[in-house]
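Read the structure below first, then the notes.
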Amino acid sequence: MRLITHNMLKCHVKNCDNPDKQFPLRFKGAELEQVEAERNDEFLVRMIPRLDWRALLITTKELGIELPENIPEEPENDDAFLQALHTAILETHVKEGSMVCNGCSHEYKITKGIPNMLLAEHEI
């Protein structure tokens, strides 16, 4: 699972204690893999407004990945920023582990890079 996907996932457990803590999900026992991908600057620039930058920073710090604290005024002209963003959201894959809700501690397993976001009947 790429970090771009993780940036869009939140907990949907019905009785989650604190809805404000449903996003971002934190990783537990994450096994990372770097998978080379072709860089597309136009795509990256278009994705910036769709990303929750605060959540992405929390996640990348948790995983030991460096990203600038702030988005540059003209990201399309900042090659180092675009490369760091590309590496973080498109080349960093979580192969195994789980994502945990900070509100209710529900765990979503990740197996072979696929997160299991299905809930049990009593959680819906």
(message) Just to verify a result, which residue in the stretch 84-112, among those that are touching an Asp or Glu at 6+ places or on another chain (Cβ under 8 Å) and of a type in the set (Gly, Ala, Ser), is farthest from Pro19 (Cα to Cα)?
(response) Ala84
(request) Kindly provide the set of residues from the stretch 68-83 that are touching an Asp or Glu at 6+ places or on another chain (Cβ under 8 Å) and either touching a residue at least 60 places away in the same chain (Cβ under 8 Å) or open to solvent by 30 Å² or more (accessible area, probe 1.4 Å) (or both), ordered by number. (result) Pro72, Glu76
(request) Restrict the check to the stretch 100-109 and report whether at least one residue is more than 19 Å from Ala30 (Cα to Cα) and touching a residue at least 40 places away in the same chain (Cβ under 8 Å). (result) yes
(message) Can you list residue pairs whose Cβ atoms sit under 6 Å apart, with the first residue in the stretch 11-35 being among the small types (Gly, Ala, Ser) and the second being surrounded by 12 or more Cβ atoms within 10 Å (Cβ to Cβ)? Count only pairs 6 or more apart in sequence or on different chains.
(response) Gly29/Gly97; Ala30/Val94; Ala30/Gly97
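The values are calculated or read from the model by the stated rules, or taken from the named source; none is laboratory data. Note that the structure is predicted; figures quoted are calculated from it, not measured. For neighbour counting, all protein chains shown are included, and Cβ atoms are generated from backbone atoms with ideal geometry for every residue, glycine included. Ligands, DNA and RNA are stripped out before the accessible areas are found, and what is left, the full protein with its side chains, is counted by its heavy atoms. Shrake-Rupley method; radii C 1.70, N 1.55, O 1.52, S 1.80 Å.
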